[in-house]
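The values are calculated or read from the model by the stated rules, or taken from the named source; none is laboratory data. A quick note: this is a predicted structure, and the numbers were derived from the prediction, not measured. Cβ coordinates were reconstructed from backbone atoms using ideal geometry, including for glycine residues, and neighbour counts include every protein chain displayed. Heads up: the accessible areas ignore ligands, DNA and RNA and are worked out on the full protein's heavy atoms, side chains in. Shrake-Rupley method; radii C 1.70, N 1.55, O 1.52, S 1.80 Å.
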Amino acid sequence: MSQHSDRIAPHGGTLVNRIATLDQRQEFFDKAEVLPRVQLSDRSISDLQMIAIGALSPLKGFMNEADYRSVVKQMRLSNGLPWSVPITLSVSQEVADSLKEGTLVRLDSPTGEFVGLLELAEKYHYSKEEEALNVYRTDDLKHPGVQVVDKSGPVNLAGDVWLLERGLDPRFPQYQIDPAKSRMLFTEKGWKTIVGFQTRNPIHRAHEYIQKCALETVDGLFLHPLVGTTKEDDIPADVRMRCYEILLEKYYPHDRVILAINPAAMRYAGPREAIFHALIRKNYGCTHFIVGRDHAGVGDYYGTYDAQYIFDEFEPGELGIVPMKFEHAFYCTLTEQMATTKTSPSTPEQRVHLSGTKVREMLRAGKLPPPQFSRPEVAAELAKAMNIFNYEI
């Protein structure tokens, strides 16, 4: 086993827990009917859950104005701690005017269910254009992240939050492993170094290759697919999870991989989201984080390796997690194996480049991706999902 000095600390030093106790829940329910209400979006629900379980430590709630402006402009909280993506709760002017700072606000799900509480500390206006240009590097309304900002209300509500109850995700209860539990599992397994992998797509051969390269140098792999809100044309979470299960059953060492769901919503913020994803995995207990080609990208908004370059904007050790940067992997027809330009003597014509987009294109055309592209069992599962469930993959 490789050695690492101490178990990695949560970002900011303490793992946040904002899940209400039984006594608190009763107190909140007693007040529920008289409290003003704010209805959360699907993304805000994910943010609430992520805050409550400590995945967004050191955040205890939605950002105040000082933190928000510092994050947007400098990728740091107001105390100087690195943070790259604003976590905010935006509402209409009408809703904001109805709320009073220093009071409690009931947080409801999109269906009206009482799910949490906000200790309202501050209300503030913000510039949507400034947020879009800084965080997403574009104000193009075709960008899915910019669309969310554009449709959001003009006022942000700030304050600590409470999640009423941490229920199991009915889709994947066996894979709901929150930060406190993942850290416990790593300790039980004796893992000192753990590499996290972010994905919103089924794993193809290029992903498998870089994960296994990383596994050669660390004790364990934390495979952590995102199952929160994604854009409509992304492959549904249940299909992706079945593909991961199939792959792990046949092609990975069972004692060196943990599969768990990440309840976060996808923001498609490219480089900034790569930092965000790394800090989340740090809170889950990972010491390393894989950053590949166009991490968290969408369309052509970001350069191929911009998500790797952004890590160089921080001092060594400042983020508290080690990025493992990989070039775009491909199947080399010359050596008949997966490779990158660092290891393959092939010419561009001798390389089969892999991507989730190409997989979707092949499946839509009624073709199964070749084994150099995707494991046959995974390709078959994707094809079955398209045919049986009519998923637009």
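Here are some notes:
- Scanning segment 375-393 for residues being of a type in the set (Gly, Ala, Ser), at pLDDT 85 or above and either within 25 Å of the chain's Cα centre (by Cα) or under 21 Å from Gln211 (Cα atoms) (or both) gives a total of 1.
- Meets criteria (touching a helix residue (DSSP H, G or I) at 6+ places or on another chain (Cβ under 9 Å) and part of a strand (DSSP E or B)) for Leu141: no
- Segment 266-317: number of residues that are under 14 Å from the mean Cα position of the chain (by Cα), at pLDDT below 95 and hydrophobic (A, V, I, L, M, F, W, C): 2
- Qualifying residue in segment 66-84 (condition: over 24 Å from the mean Cα position of the chain (by Cα), among the hydrophobic types (A, V, I, L, M, F, W, C) and open to solvent by less than 10 Å² (accessible area, probe 1.4 Å)): no
- Only residues that are farther than 16 Å from Met266 by Cβ and open to solvent by less than 70 Å² (accessible area, probe 1.4 Å) were counted in segment 133-151, giving 3.
- Taken as a whole, the condition of being modelled with pLDDT under 95, surrounded by fewer than 17 Cβ atoms within 10 Å (Cβ to Cβ), farther than 24 Å from Ile280 by Cα and polar (S, T, N, Q) applies to Thr111.
- Segment 66-87, residues that are in contact with a helix residue (DSSP H, G or I) (Cβ under 6 Å, 6 or more places away or on another chain) and in a loop (DSSP other than H, G, I, E, B): Leu77, Ser78, Trp83, Ser84, Val85, Pro86, Ile87
- Residue match in segment 169-189 (condition: in a helix (DSSP H, G or I), open to solvent by less than 40 Å² (accessible area, probe 1.4 Å) and aromatic (Phe, Trp, Tyr)): yes
- Residue selected from segment 22-54 under the condition under 16 Å from Thr103 (Cα atoms) and without any contact (Cβ under 8 Å) to a residue 12 or more places away in the chain, by the criterion least open to solvent (accessible area, probe 1.4 Å): Glu27
- Checking each residue in segment 277-294 for being within 18 Å of Phe326 (Cα to Cα), open to solvent by less than 20 Å² (accessible area, probe 1.4 Å) and not basic (Lys, Arg) picks out His277, Ala278, Cys286, Thr287, Phe289, Ile290, Val291, Gly292.
- Candidate set: segment 311-321, residues that are free of Cβ contacts under 8 Å to residues at least 40 places away in the same chain and farther than 19 Å from Val195 by Cβ; chosen: the one surrounded by the most Cβ atoms within 10 Å (Cβ to Cβ): Asp312
- Residue within segment 42-54 that is part of a loop (DSSP other than H, G, I, E, B) and in contact with a helix residue (DSSP H, G or I) (Cβ under 6 Å, 6 or more places away or on another chain) present: yes
- Test result for Asp160, farther than 27 Å from Gly297 by Cβ, modelled with pLDDT of 95 or more, touching a Ser or Thr at 6+ places or on another chain (Cβ under 6 Å) and open to solvent by less than 60 Å² (accessible area, probe 1.4 Å): no
- Segment 145-168: number of residues that are within 26 Å of Ile53 (Cα to Cα) and part of a helix (DSSP H, G or I): 3
- Qualifying positions in segment 96-108 - open to solvent by 70 Å² or more (accessible area, probe 1.4 Å) and among the polar types (S, T, N, Q): Ser98
- Every condition in (1) at pLDDT below 85; (2) of a type in the set (Ser, Thr, Tyr); (3) over 23 Å from the mean Cα position of the chain (by Cα) holds for Thr357 except the one numbered (3).
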